[in-house]
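The values are calculated or read from the model by the stated rules, or taken from the named source; none is laboratory data. Please read these numbers as outputs of a predicted model, since none were measured by experiment. Note that we place each Cβ from the backbone using ideal geometry, even for glycine, and neighbour counts take in every protein chain shown.
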């Protein structure tokens, strides 16, 4: 029943708009609009799913950035489809830039793998740097990262779990992380977020287009002046946290706790805040520059 009423209400609304335009002295525009809409209705009855070309998609993508009422004139496809076109365009653009230029990492010889395992078994106290140094003396050209992957995992004494650590030090923990906001101009804004674990409070955030270790360290200093520094700082293993960042944080008396590689669940609280922001602002952050600044708290 509702599906039958919607077209009728839409036709009544168009009729009112036609009358208003005619009475307002825009008779030519009103009649042309009515003729075009009648032809569009006939086209929709005969073709259920029209085929759109790349220029058609580009036209609607640009139109969403310069016209606020673009949804009111959209009939052929849904607004979610237009948003998907921009996301796909953004994904393809950066996908072409990040394509691998070579065949990948070369395989490690079996001789080197066996030698690393035997050296690690014969010298339990040796780590990857020591074994890597010995291999270089023997003339084997291999990286320290590769040696650390080849060393067999040793059984360690049981310790407190990650969840226990978070609960025991909830009042002394803060988490930091970056997330990205794509723009219509195919650029990326980096948002730096600092979250306190005790009340899940966002202590500080800032936005930049070119993040550096010095810039990230300055955000920590601005967030914790004087003697307000927390005991622990949870972060991932991103390369942006370079020597300048780690040295500045250590001088403030903060102990850095790095999460495991590819384990965002260990920094779950700040990841939840980021996920909420992305879901609430996905349309604004893609299309409108003014709405994007408002969404991240930047007003010119």
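Points to keep in mind about this one:
- Candidates 237, 231 - the one that is touching a residue at least 12 places away in the same chain (Cβ under 8 Å), surrounded by fewer than 18 Cβ atoms within 10 Å (Cβ to Cβ), within 30 Å of residue 113 (Cα to Cα) and touching a strand residue (DSSP E or B) at 6+ places or on another chain (Cβ under 7 Å): 237
- So residue 211, is it over 16 Å from residue 258 (Cβ atoms) and either out of contact with any strand residue (DSSP E or B) (no Cβ under 7 Å at 6 or more places or on another chain) or assigned to a loop (DSSP other than H, G, I, E, B) (or both): yes
- Any hit, segment 170-179, residues being more than 17 Å from residue 269 (Cα to Cα), part of a strand (DSSP E or B) and in contact with a strand residue (DSSP E or B) (Cβ under 6 Å, 6 or more places away or on another chain): no
- Condition check for residue 266: assigned to a helix (DSSP H, G or I), assigned by TED's automatic domain parsing to the domain that holds residue 169 and closer than 24 Å to residue 168 by Cα: yes
- Considering residues of segment 157-196 that are without any contact (Cβ under 8 Å) to a residue 60 or more places away in the chain and over 26 Å from residue 230 (Cβ atoms) only, the residue surrounded by the fewest Cβ atoms within 10 Å (Cβ to Cβ): 157
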